[in-house]
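Quick notes on the structure that follows.
Taken together, the values in this text are just the output of simple stated rules run on the coordinates, not laboratory data. Quantities reported herein were computed from a predicted structural model and do not represent experimental measurements. Using ideal geometry, Cβ is built from the backbone for each residue, glycine included, and neighbour counts are taken over all protein chains shown.
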Amino acid sequence: MFDDIPLLNFVWFALVGVLFTGYAILDGFDLGIGALHLFTKTDEERRIMLNSIGPVWDGNEVWLVTGGGALFAAFPMVYATVFSGFYLAFMLLLVALIFRAVAIEFRSKLPMRWWRQMWDIGFSIGSVLSAFLIGVALGNIISGVPLDPEKEFAANFFHLLRPYPLLVGVTTVALFAMHGAIYGVMKTEGTLHDKLRGWVNRCILIFVFFYLAVTVATLLYIPHMTETLKAYPWLFTVAVLNALAIANIPREISLGRDFNAFLCSCAAMIALMALFGIGMFPHMVYSFPHPENSLTLLNAASSQKTLGIMLIVAAIGVPLVLAYTATIYFIFRGKVKLDPMSY
Amino acid sequence: MDALTLARLQFAFTIGFHYLFPPLSIGLGLLLVLMEGTWLKTKNPVYHQMARYWTRVFGLVFAIGVATGIVMEFEFGTNWAVYSRFVGDVFGSALAAEGIFAFFLESGFLALLLFGWDRVGPKTHFFATCMVAFGAHFSAVWIIVANSWQQTPAGFHLVNHAGITRAEITDFWAMVFNPSSMDRLIHTVCGAWQAGAWMVVSVSAWYLLKGKYLDFAKRSLQMGLVVALAASLFQLYTGHDSAVGVSQNQPAKLAAFEAHYPTAPASLYLFGWVDEAGREVRFGLAIPKMLSFLIYGDGNKPVRGLNEFAPADRPPVNVVFQTYHAMVAIGLGLIGLALLSTVQWWRGKLFEQRWLLGILVLSVLGPQMANQLGWASAEIGRQPWIVYGLLRTSDSLSKVVSGGAIVSSLIMFSLVYALLFAVFIFLLNHKIQHGPDEADLTPVGPLRKEPRADV
């Protein structure tokens with residue numbers, strides 16, 4: 001079925017997926033912590049929430065930069081079409097991410113209650129809006145957007161806000177909130193820890209509810225997402241693994257194995273992204289209603305030469321990145337303690 | 001205004017704002033390595049205090065650099081989709097290398113640099129500092145390679161796919177070492193070192209004027225001044241080198257630098273105002289034949305003038321002329337200031353002369369202005385091309401983005417960047433007012449152990 005796709009194109013499809021999955025997992029809990037931030041009440045609790053992501057949020061956003069860079073390099077047609085087509089949505093995303101960063105830096109610098117309250121709200125709204133917009137963009141990619149024969153986006157901003165993408169947007173917020181809650185459990189102790197533990201199951205329920213809704217909507221209205229799965233039924237194991245990983249989270253939490261719960265949450269996100277990739281394959285931007293205008297692994301990619309050079313770059317760089325990212329997280333393992341360097 | 005002008009305005013605004021921060025990260029990164037290295041070497045706790053203090057400033061600068069850098073990366077696609085399709089194959093590999101090699105290096109070890117003082121040993125921490133500084137420099141390499149490729153494209157061929165022409169790479173190393181990349185890299189990095197060094201000088205001079213943290217301030221000032229002196233003198237050489245490169249690779253840009261119209265032996269202007277309609281420089285003061293001499297070592301050699309280029313292929317001359325001359329003037333001024341301060345230091349009077357300290361407090365603005373002006377002249381001088389000789393800026397815009405959409409995003413960015421700048425100034429001021437921490441003179445955690453002398 002896909003014999004005519006060169007291996008390098010396939011590899012880069014996977015690698016771009018890996019980078020965005022890395023972003024989803026890492027900044028996912030940052031944004032999730034932000035989404036839950038306002039549910040904590042005391043100043044100390046909020047500072048602990050902030051400082052649980054303190055040393056890492058900045059680096060986590062680099063995954064977005066690199067994912068975008070890899071997309072630009074490996075599939076410039078996708079990068080150009082999607083980024084120009086989703087113009088206002090992406091501009092809003094950027095503003096939300098920046099505003100959120102400002103709020104993190106600013107919040108704890110002055111002691112006044114109104115001051116901190118204001119930035120707490122900014123941090124939370126920025127986080128929720130970022131997660132939501134990422135989800136909306138994803139939802140549009142899944143459901144397909146109109147492309148003209150020159151592969152340009154042929155609709156306006158409001159076309160992006162159809163029910164399905166909005167549903168994926170809400171689901172993404174729920175997913176990140178769940179992921180953030182589990183991360184929070186892992187990084188906190190005492191009353192905040194107990195509070196977050198209580199939230200995890202609720203977050204899972206909310207996420208599962210929306211996730212089922214998305215799944216049903218996808219099966220009903222977006223047939224092209226299931227074509228590859230139907231052709232290769234063994235890929236359903238990914239969906240099963242996804243369900244198992246999510247189902248295992250409450251068990252690990254109740255056993256007090258917070259780290260395992262977090263790993264399960266990561267595994268669930270990896271499986272979700274894998275399902276997304278499998279569903280899209282071999283398309284990168286599905287053109288609806290004119291599928292013949294779609295951008296695929298084949299017609300959107302850079303030359304074989306570039307893909308080859310970048311594979312060398314990635315082969316040297318990615319193991320290094322993973323090694324020191326893991327090392328840094330290991331060094332900063334354990335519960336958050338507030339100190340003079342804290343936010 | 002049309003969509004093209006708005007998109008250019010937006011790019012200029014966002015890149016100008018972003019470019020306040022990366023040079024500081026690069027320059028401060030170098031100084032952090034020097035400070036922490038000196039501490040490990042001498043075991044004098046004041047260097048530990050310096051490293052801790054400037055690390056805090058570095059963290060702030062870096063955070064804003066990342067936040068505004070994400071915008072830049074998105075903007076290629078959002079506003080310049082045609083350009084992105086054209087250059088993706090070439091430009092993309094440099095950008096991907098930047099992300100994978102440099103950004104992760106910086107941001108990964110940044111956590112350790114900022115928050116790891118009490119969690120790892122001093123040698124490991126020093127290693128993290130070196131990696132962050134190295135990453136900052138390395139990211140400059142890739143982005144300048146990509147930008148230089150736009151100035152002097154090399155190592156590619158043009159291929160047409162289904163009606164869309166794009167540049168595809170044929171020789172990676174020819175692309176990396178395109179004719180202008182190394183000249184421009186050292187020139188830019190040198191500017192970045194000055195940005196960091198003069199900032200350290202400036203804050204230290206302020207403490208000295210206020211009579212606060214004297215030991216800290218004197219040593220910081222000395223260290224900053226050494227780097228500032230070396231970098232500003234070296235900049236003279238790199239600047240010259242860049243100009244010679246421009247004369248070979250982008251003659252229209254060089255001609256615009258000096259508003260040189262007929263092809264003839266060229267003079268070097270000290271200042272002036274270009275009358276573009278009349279094709280002459282008014283109110284100017286020039287050294288005859290000096291440009292020819294600087295470039296060819298022979299004052300009588302002709303330099304290609306703007307008249308050789310069709311009006312549609314000429315950059316806007318006066319703005320390039322003014323930004324270029326302002327950059328040179330500031331660069332020379334910084335050399336003068338660095339030399340003067342060094343002489344006073346040698347005479348043992350650097351810390352007493354309040355007028356000089358007053359000037360040094362303001363010195364932080366010099367490299368920032370020169371860096372901005374230099375970029376402006378380099379990029380406006382490239383016009384009307386976005387990729388020199390291959391693709392015009394006017395043809396590169398996203399087709400699907402309306403002027404209205406750009407206006408709304410421009411307004412959003414103006415507001416949020418105004419906020420961001422307020423945050424930066426507020427927090428920087430907060431850190432400066434707070435001053436170095438007394439507690440940092442007695443290191444805590446694993447750092448309490450004295451580093452061995454052999455480190």
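Here are a few things to note about the model shown:
- Gyration tensor verdict on the protein assembly as shown (Cα atoms; rounded if a/c is under 1.5, prolate if a/b is larger than b/c, oblate otherwise): oblate
- 3J(HN,Hα) couplings calculated from phi for the stretch B:394-399 with the Karplus curve 6.51 cos²θ - 1.76 cosθ + 1.60 (θ = phi - 60°) are, in sequence order, 5, 9, 9, 5, 4, 6 Hz; Gly and Pro show x.
- Relative packing of peptides B:235-241, B:260-266, A:132-138 - highest average C-beta neighbours within 10 Å first: A:132-138, B:260-266, B:235-241
- Relative pair counts by distance (%), Cα atoms of the stretch A:13-331, 10 Å bins: 6, 26, 34, 24, 9, 1, 0
- Shielding by partners, peptide A:137-150 (average Cβ within 10 angstrom, other chains): 1
- Long-range amide H partners of residue B:391 with built H, under 5 Å: B:386
- Using the Cβ-Cβ distance between residue A:257 and residue A:323 with R0 set to 25 Å, the FRET efficiency from 1/(1 + (r/R0)^6) comes to roughly 0.50.
- Pair residue A:7, residue A:118: separation of 7 Å Cα→Cβ label points (nm): 5.9 nm
- Averaged over the residues of peptide A:306-317, the number of Cβ atoms from other protein chains lying within 10 Å of each residue's Cβ is 5.
- Assuming charge only on the beta carbon of Lys and Arg (+1) and of Asp and Glu (-1), the dipole of chain B about its Cα centre is about 1040 debye to the nearest 20.
- Mean-position separation - Cα centroids, the stretch A:21-42 and the stretch A:122-173, in angstrom: 20 Å
- Shielding of B:117-125 by partner chains, average beta-carbon count, 10 Å: 1
- In order along the stretch B:221-231, phi translates into HN-Hα couplings of 4, 4, 5, x, 5, 4, 5, 4, 5, 4, 5 Hz, rounded to whole numbers, per the Karplus curve 6.51 cos²θ - 1.76 cosθ + 1.60 with θ = phi - 60° and x for Gly and Pro.
- Computed E for residue A:333/residue A:231 - FRET, C-beta separation, R0 56 angstrom, nearest 0.05: 0.85
- In terms of other Cβ atoms within 10 Å, A:18, A:216 run from fewest to most in the order A:216, A:18.
- Applied to the stretch B:11-19, the Karplus parametrisation 6.51 cos²θ - 1.76 cosθ + 1.60 on θ = phi - 60° returns per-residue 3J(HN,Hα) values of 5, 4, 5, 6, 6, x, 5, 4, 6 Hz, with x for Gly and Pro.
- Summarising the strand pairing of the protein assembly as shown, around 95 percent of its internal DSSP beta bridges are antiparallel.
- Whether the stretch B:318-359 is rounded, prolate or oblate, judged on the alpha carbon gyration tensor where a/c under 1.5 counts as rounded: prolate
- Residues A:29, B:127, sorted so that the one with the fewest Cβ neighbours within 10 Å comes first: B:127, A:29
- Between the residues B:425, B:299, B:96, the greatest Cα displacement towards the positive end of the dipole of chain B, with unit charges on the Cβ of Lys, Arg, Asp and Glu, is found for B:425.
- Magnitude of the charge dipole for the protein assembly as shown, about its Cα centre and with charges confined to Cβ atoms of Lys, Arg (+1) and Asp, Glu (-1), is about 1960 debye.
- Percent breakdown of C-alpha pair distances by 5 Å bin, ordered from the shortest bin, for the stretch B:302-442: 2, 7, 9, 11, 13, 15, 13, 9, 8, 6, 5, 2, 1, 0
- Taking a ≥ b ≥ c as the square roots of the eigenvalues of the Cα gyration tensor, the stretch A:75-223 is classed as oblate, since a/c reaches at least 1.5 and a/b does not exceed b/c.
- In terms of other Cβ atoms within 10 Å, B:42, A:81 run from fewest to most in the order B:42, A:81.
- Selection among A:219, A:64, A:35 by position relative to the dipole of the stretch A:13-331 gives A:35 as farthest towards the positive end (Cβ unit charges, Cα centre).
- Peptide packing for B:422-435, B:132-145 was compared via the average number of neighbouring C-beta atoms within 10 Å per residue; ordered from the highest value, the list is B:132-145, B:422-435.
- Charge tally around residue B:13: other residues with Cβ under 14 Å, Lys/Arg +1 each, Asp/Glu -1 each, net -1.
- Residues residue B:441 and residue B:230, FRET efficiency given R0 of 30 Å [Cβ-Cβ distance, rounded to 0.05]: 0.60
- Cross-link pairs exceeding 22 Å between alpha carbons, from the set A:195/A:337; B:123/B:431; B:212/B:431; A:230/A:305; B:43/B:349: B:123/B:431; A:230/A:305; B:43/B:349.
- Amide H partners (placed H, <5 Å) of residue B:280, local residues excluded: B:275
- Reachable lysines, given that their alpha-carbon falls under 23 Å from the alpha-carbon of residue B:399 and they are not under 8 places away in the same chain: A:151
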